[in-house]
Amino acid sequence: MEVTLLMQAIEDSFRIVEESRKDAEELLKTGCRVTAEVRNVEGEKIKAFLTGAHQSKVRFQNFVVTFLIMMAFWALLSGKFDTFHLSLGVICSGIVAYFGHSLIFHNVRVGDTRLITWRFIKYIPWLLYQIVLSNFHVAYLALSPKMPINPSIIQLPSKLESDISYVTLANSITLTPGTITMDIDEDNFIVHALSDKVADDLKTGEMEDRVAHIYMEADHLYVQDVLDMSQIFSNIAR
Amino acid sequence: MVFRSEDVIVKTISRILVPFIQLYALYVIMHGHYSPGGGFQGGVILAASFILMLLTYGYGETKERISEKLVNLFSSIGVLIYAGIGFLCLLLLGNFLDYSQLARILPVEAARARSLGILGVELGVGLAVMAVMISIFLDISSGGVVPDDRDVDEDE
Amino acid sequence: MNTFLLAVGIVLCLLAILVLYRVVFGPGVFNRIAAISAIGTKTLIILLIFGFFYGRVEMFIDISLVYALLNFIGCVAAAKYLEMERER
């Protein structure tokens, strides 16, 4: 009868939509993984071929970027911009950058520095917003008469790879009030959290996803990457 | 002996901070005439940056940046700059450390020559103070025995 | 503006004096180190407020930077010493 046919048709259409959604998701995952692998393979190839030239190119880039950062810091400290003081600034920045160029950028692939810096600059406002939210929550906890805190120590296994991403995540966790990173024990973060709400916020892993997105590590399916991918795929499909 | 720290946070943050501390120390030395600072203060902050590296990485890794021999050399060079400028003023027919005589060899007028002379003397003082501070830290932290190359040869 | 900064300075002074209790009576050395660190952060802001009152802020920013630096290095050195003491 018509009603059962209609219901059958609706069920079929739902099934088809579900399957096509799964196929689209598979396609997006494969696309992300393929680009990550291609980038890895290229990096390994370049490192294996031109170790000598690559090393000196990395050193020169580190020297230039350190020199620029030092010049900006000098201009910030000294408010005088006449020729004498600026030339002193150039000499001092040159000396410091020459003797310490391998300090700030330890293990960085050539060509990624600008992207990482831009993503880091975009991450800071979100971190400030989280700090403000946590401030309100901890102030409410401290000022209420029965102080509903529940201090606990959590162990978070993390999927990050390099030193500087560990440090960025640990510092972000310590800066938001309510959580303190106690130790990093070979991929495990040992964190002390003040109350249940703060611990749950940490366990969802959003901060870790964002830090992995800055340093382009750990195959993750971050929202911004999916949006970029979908644009590429829509162009290909047309 | 100060051993290497195993904590990845302390190592990375010290590594990033050391160039900023060194640039701040050079700023304090150069701007002694305008804001609080000068030679001695800048020298101590410069030494503090190297001591931070020594604390977090141990002597073995910091040896290539600042070793015992380099520290001895720097302390002598600092005093040489200070006394050298003084004797230069003496040779140019003035009093000891009378910077206005420097106007004879530099193409500036007397007041500017005094300012440049003081800047040079502050640099010398900063270098000497940095070297002596690091030397004191190395002596106290290692109990007088620094594993230099000579000691390794003597053991063998 | 002056009275607002004066109020902020006085409140921070009172908070720093409260933390002094932990420095004196803290059972053990870890409490004392953490309390000294906390007093250090309050001292930075009080120095800057002094700078506003004397009209020369840029001079006091230099002093605050040096104090923050020494606070950090002091913490690292104290932690290093305690770690070595524990190993022995």
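The values are calculated or read from the model by the stated rules, or taken from the named source; none is laboratory data. Quantities reported herein were computed from a predicted structural model and do not represent experimental measurements. Counting neighbours? That spans all protein chains shown, and the Cβs are built from the backbone with ideal geometry, glycine included.
Some notes on this structure:
- Among the residues of the stretch B:23-37, not a single one is away from chain A (no Cβ under 11 Å), surrounded by fewer than 18 Cβ atoms within 10 Å (Cβ to Cβ) and outside any loop (DSSP other than H, G, I, E, B).
- Top-ranked residue in the stretch A:160-181 [being small (Gly, Ala, Ser) and farther than 16 Å from A:Leu128 by Cα; ranked as surrounded by the most Cβ atoms within 10 Å (Cβ to Cβ)]: A:Ser165
- The residue of the stretch A:125-137 that is farthest from the chain's Cα centre (by Cα), among those that are under 28 Å from A:Asp187 (Cβ atoms) and touching a residue at least 60 places away in the same chain (Cβ under 8 Å), is A:Ser134.
- If you go through the stretch A:175-193 and keep only what is touching a Phe, Trp or Tyr at 6+ places or on another chain (Cβ under 9 Å) and of a type in the set (A, V, I, L, M, F, W, C), you end up with A:Met182, A:Ile184, A:Phe189.
- Any hit, the stretch C:11-19, residues being in a helix (DSSP H, G or I), within 12 Å of another protein chain (Cβ to nearest Cβ) and in contact (Cβ under 8 Å) with a residue 12 or more places away in the chain: no
- Test: residue in the stretch A:152-170 that is in contact (Cβ under 8 Å) with a residue 60 or more places away in the chain, in contact with a helix residue (DSSP H, G or I) (Cβ under 8 Å, 6 or more places away or on another chain) and not aliphatic (A, V, I, L, M): yes
- Residues in the stretch A:102-133 that are outside any helix (DSSP H, G or I), within 14 Å of chain B (Cβ to nearest Cβ) and surrounded by fewer than 16 Cβ atoms within 10 Å (Cβ to Cβ) were compared, and the one that is modelled with the highest pLDDT is A:His106.
- In this entry, B:Leu46 passes the filter for residues that are more than 7 Å from every other protein chain (Cβ to nearest Cβ), buried (at least 19 other Cβ atoms within 10 Å of the Cβ) and under 17 Å from C:Gly74 (Cα atoms).
For every residue, the table says whether it meets (1) within 14 Å of another protein chain (Cβ to nearest Cβ); (2) among the polar types (S, T, N, Q).
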| residue | (1), (2) |
| --- | --- |
| C:Phe30 | yes, no |
| C:Ser37 | yes, yes |
| C:Ile49 | no, no |
| C:Ile73 | yes, no |
| C:Lys80 | yes, no |
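- Flag if A:Phe67 is more than 23 Å from A:Met207 (Cβ to Cβ), within 14 Å of chain B (Cβ to nearest Cβ) and part of a helix (DSSP H, G or I): yes
Results for (1) small (Gly, Ala, Ser); (2) more than 14 Å from chain A (Cβ to nearest Cβ); (3) surrounded by 13 or more Cβ atoms within 10 Å (Cβ to Cβ); (4) in contact with a Lys or Arg (Cβ under 6 Å, 6 or more places away or on another chain), shown as yes or no for each residue.
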position	(1), (2), (3), (4)
B:Phe74	no, no, yes, no
B:Val79	no, yes, yes, no
B:Leu93	no, yes, no, no
B:Phe137	no, yes, yes, no
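- Against the list (1) assigned by TED's automatic domain parsing to the domain that holds A:Ile214; (2) assigned to a helix (DSSP H, G or I); (3) surrounded by 13 or more Cβ atoms within 10 Å (Cβ to Cβ), the condition A:Phe136 fails is (3).
- Residue match in the stretch A:81-88 (condition: within 29 Å of the chain's Cα centre (by Cα) and either away from chain B (no Cβ under 14 Å) or surrounded by 14 or more Cβ atoms within 10 Å (Cβ to Cβ) (or both)): no
- As a summary of the residue check, A:Gln61 satisfies the conditions (1) at the interface with chain B (Cβ under 9 Å from one of its Cβ atoms); (2) at pLDDT below 85 except for the one numbered (1).
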